[in-house]
Amino acid sequence: MRKKQSTDMNHALLMIRPSAFGFNPETASSNAFQSQSLANDQEIAISALREFDAMVEVLHKNHIEVIIIDDTEYPHTPDAIFPNNWFSTHEDGTLVLYPMMAPNRRLERRADIIDILKSRFTLNMIHDLSIHEHEHVFLEGTGSIVFDHTSRFAFAALSERTDPILFSECCSLLDYTPITFRAFHEHGLPVYHTNVLMHIHSSIAGLCSDMIHPSDKKAVLDAMQIHADHLIELSSVQVHQFAGNMLSIFNSKGDPCLIGSNTGYACLNQQQMQLIERSCLPVSVNIPTIEKVGGGSARCMLAEIMLPQK
């Protein structure tokens, strides 16, 4: 297993403990992973809360620092459990606020969460891109953008939630080279978020190149060459089982951990698992209700806090 490099930092994860998780009709049309449950709203909310608490316990057992913020009862935000879409943080002390497509997801942005981060970390700059919601231009955080912090490339699969011009503007602000591409499901619907088909870290990376438009595939693969020795090639079937929606982070002991769901890990083959186990510690969490009803998996629930400690 690869050990922590001297240039890498330990990062905390921020998670939002849900108060009323549920199916969000405002996001369903563009999210092929989201589906309604036969359970009632209360049963769904209770199951999601149970899954959330169990996930936090698994992360703690693997020495991963987690900052837990309780969701508010009002306003109702059924997708608040996915905080990585409305903000991102960066090692130079920058925080970016992003424009969200669904009106009820815009309510997830909370000044008190930013204040909590300010109290614990050094926050030098806030770039507020959320103003573009008034222009119906969207870029949904590290759902829309997968940052490669090693090569300083940033990747974005274009969709109605991911605007190419705003993506390039964001990359310019953060000093990343933008790589845009088109990606589709078998029935032709654009992939709604980049982070369902790829994840990138210095220790391990995953990509489903089969879902990328043939004209765009070479540019993506060329930009990922630095990760070729530890790249998991995913199928579209595995993507639909959330095998692409994983996050690798160094824990407090300096070990790289790949956080994914039981669903995502269960669909990987022996060769893929061997590559993971050589590169990092697999950390598997059981979140079937959150995946089915919310259409997002483990990575979507995790906002990386990369700000310098005070």
For this session: Those residues that are open to solvent by 30 Å² or more (accessible area, probe 1.4 Å), more than 30 Å from L207 (Cβ to Cβ) and either touching a strand residue (DSSP E or B) at 6+ places or on another chain (Cβ under 8 Å) or of a type in the set (K, R) (or both), I need them from segment 120-150; list them, please.
Result: R120, T122, L123, N124, M125, I126, D128
Problem set entry | Complete set of residues in segment 160-199 that are under 23 Å from A303 (Cβ atoms), without any contact (Cβ under 8 Å) to a residue 40 or more places away in the chain and charged (D, E, K, R) | D163, D175
Exercise. Which residues, counting only those in segment 151-203, are assigned to a loop (DSSP other than H, G, I, E, B), open to solvent by less than 50 Å² (accessible area, probe 1.4 Å) and not hydrophobic (A, V, I, L, M, F, W, C)?
Worked result: S151, R161, D163, Y176, H185, G188, Y192, H193, H201, S202, S203
Seminar exercise, completed: When S284 is run through (1) open to solvent by 40 Å² or more (accessible area, probe 1.4 Å); (2) part of a helix (DSSP H, G or I); (3) in contact (Cβ under 8 Å) with a residue 12 or more places away in the chain; (4) of a type in the set (G, A, S), the failure sits at (2)
For this session: Answer yes if at least one residue in segment 251-266 is of a type in the set (A, V, I, L, M) and either over 17 Å from R278 (Cα atoms) or surrounded by fewer than 23 Cβ atoms within 10 Å (Cβ to Cβ) (or both), and no otherwise.
Result: yes
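The values are calculated or read from the model by the stated rules, or taken from the named source; none is laboratory data. Model, not experiment: these values are computed from the prediction. Because the Cβ atoms are built from the backbone with ideal geometry, glycine has one as well, and the counts that use them run over all protein chains shown. These area figures cover heavy atoms from the full protein model, side chains too; ligands, DNA and RNA do not enter into them. Shrake-Rupley method; radii C 1.70, N 1.55, O 1.52, S 1.80 Å.
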